[in-house]
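Please read the structure below before turning to the comments.
Nothing in this text is a laboratory measurement; each read-out follows from the coordinates by a stated rule. All figures in this text were calculated on a predicted structure; none of them were measured in a lab. Neighbour counts run over all protein chains shown; Cβ positions are idealised from the backbone, glycine included.
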Amino acid sequence: MGNALTGQPGLSLDRRKVLLGLGMAAVAGFAQARQPVINTEPLEEGELVGLMPERMGRWTFMTESGLVLPPSDALSDRLYDNLVTRIYTNPEGKAAMFLMAYNNSQDGVLQIHRPETCYPAGGFVLSETQPMNVALPSASGPASGGLPAQVFSADSRTRDEVVLYWTRVGEEFPQRWSQQRLTVAQDNIRGIIPDGMLARVSTLGSDIGAELPVLEDFVVALHNEAPPKLRGLLFGA
């Protein structure tokens, strides 16, 4: 039976197919235009090591070994473009164990590990993680309230540590895993794949109250002595 208006069989059906095809093409084009893109320049492999100061206030570089590391597997190997491990000491002989892990892109699949994952994998029992803010010089830092960080104790049969860490995802400093995932999702919706950074410093001991001033002193010294590029990666613009 022909089309009532044109008398040509199937013309209405063909027209619907064309319109449907055009609509699908428009949706595909919009989706492509909204595809999140990386908005930071990648660091060359090993570049972070060259940015780390040898001396930071009262702290002096001693060695690169002896830290609890993120789990080594096929997935974690893709998480970090740069991984720095360093141990610094102060005049009192106190050691601060510092780790910085950086990745140029954080999407919904690959996201930086948090220390609550790697320490239990190393046989440590953790205390409850406590949110805190590290006071930084007023002229800089992510917010006037200080650097959003976390602190916990990690105990094992061989040693005890107090661990202070923070994460930066794009322009945000999420203190919880849920906040980290939400930050990545929000940036992805905006068409951005943000970079991601984990910074962790720990001292030997189990008393958070006693070790926290030492850890904060190290973070402030790192902030003050870091070259501009490293400071931006650690503490934001």
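Assorted remarks:
- In a fully extended conformation the segment linking Lys229 and Ala210 would gain 3.7 nm over its present Cα-Cα distance, using 0.36 nm per residue.
- Fully extending the segment from Leu182 to Arg58 would add 40.9 nm, taking 0.36 nm per residue of separation and subtracting the current Cα-Cα distance.
- Sparsely packed loop sites in segment 147-237 (the trypsin sites (Lys or Arg not before Pro) outside DSSP H, G, I, E and B with at most 15 other Cβ atoms within 10 Å) comprise Arg157, Arg159, Arg176, Arg190.
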